[in-house]
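Here is the structure we will look at, set down as structure tokens.
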Amino acid sequence: MANLKFDECFLKNTQKTITVNNLLHIHDTNIQLYFSVYSDDCYCPVCFQAKLSFVANAKTPHFRSINKHLESCEYNFKATTKKQAEDFYSDTNNRETINRMLRSCIDSLYQKTYTDKTEETRKSVNSHSSSPFIVLINSNKRRFRKKRITAVFHDEDYNIKMIFYGKVLIKWEKDDTDWFLIIKNNAQECVCKIKVTGKVYYYIDDRMKFSGLKAGKVAFIAEMKEYKGCNSSYIRRSSDLMINLEDIVDDCIGDMSL
């Protein structure tokens, strides 16, 4: 698992997670703070055990493992291949699991601390919990991939079905027949444009339909296509998308990449 690339890490000193984007900003603007506080305090955001190193100077900055993950951690399992991911998605028996994946990603975006649990308690809970991202493929356990939508994309993040999620700015746009969900980062730069046919849009929960630019948490399952300026994707089913809106846009823009 040495080649795994992570979009975020868990900081034991603050009991919170931090994204690649946020740590890269600290690294580039205050290198002394980075080395004194962050560089030696990066751990797997799932099992809290595996230590991660921050690769800031790579073409696509990322975290990577430098020692072992907890045995039950989802990152101990091989990721699904393109065909395996597509077959898993197409099997109607897996729709509830996919819904759990989407909900899990949305829940993870509500920044919380873990001061009420000791490290050993967290590991114990993790070891007895069943991650929705650990799936059975031909009787073998595999990891269904997930990706922060606002993180730097690597070549392997394109053209394969996975869960994308993030705390973002969103708005709906419509052409003659189809709808498009425009996803922007906190700098209001377009990061993804999701096509939704009129038929699929009809069945989307009305609470996820709105006018104007909104701040919110989004998770969806799809393949991402690389396009200069703004990546593109396509939603097949109304249940493939989950949106939780924030109350006020202005109050959310400053911390969208948490």
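The values are calculated or read from the model by the stated rules, or taken from the named source; none is laboratory data. Quick caveat, the model's predicted, so the values are computed rather than measured. Glycine gets a Cβ as well: all are built from the backbone with ideal geometry, and neighbour counts include every protein chain shown.
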Just one of Lys199, Lys195, Lys209 is closer than 26 Å to Phe153 by Cα and out of contact with any Pro (no Cβ under 8 Å at 6 or more places or on another chain); which is it? Lys195
Being in contact with a helix residue (DSSP H, G or I) (Cβ under 8 Å, 6 or more places away or on another chain), at pLDDT 95 or above and among the aliphatic types (A, V, I, L, M): is that true of Ile26 here? no
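Every residue, every condition in (1) farther than 19 Å from Arg145 by Cβ; (2) among the hydrophobic types (A, V, I, L, M, F, W, C), yes or no:
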site: Asn13; (1), (2): yes, no
site: Val20; (1), (2): no, yes
site: Leu23; (1), (2): yes, yes
site: Ile26; (1), (2): yes, yes
site: Thr29; (1), (2): yes, no
site: Tyr34; (1), (2): yes, no
Enumeration of residues in region 176-198 that are of a type in the set (A, V, I, L, M, F, W, C) and without any contact (Cβ under 8 Å) to a residue 12 or more places away in the chain: Ala187
Residue in region 222-258 that is modelled with the lowest pLDDT, counting only those that are part of a helix (DSSP H, G or I), in contact with a strand residue (DSSP E or B) (Cβ under 6 Å, 6 or more places away or on another chain) and within 13 Å of Ile170 (Cβ to Cβ): Cys252
So Ala151 clears everything in (1) more than 25 Å from Thr81 (Cα to Cα); (2) in a loop (DSSP other than H, G, I, E, B) except one condition, right? Which one? (1)
Could you grab the pairs with beta carbons closer than 9 Å, sequence gap of 6+ or different chains, first residue in region 58-72 and more than 12 Å from Tyr43 (Cβ to Cβ), second one at pLDDT 85 or above and among the hydroxyl-bearing types (Ser, Thr, Tyr)? Arg64/Ser53; Ser72/Ser131
Taking the conditions exactly as written (under 22 Å from Lys146 (Cα atoms), basic (Lys, Arg) and assigned by TED's automatic domain parsing to the domain that holds Met162), does Lys209 satisfy them or not? no
Residue tally, condition among the β-branched types (Val, Ile, Thr) and over 15 Å from the mean Cα position of the chain (by Cα), over region 1-37: 5
Determine which member of the set Glu223, Glu173 is acidic (Asp, Glu) and either surrounded by 19 or more Cβ atoms within 10 Å (Cβ to Cβ) or in contact (Cβ under 8 Å) with a residue 24 or more places away in the chain (or both). Glu223
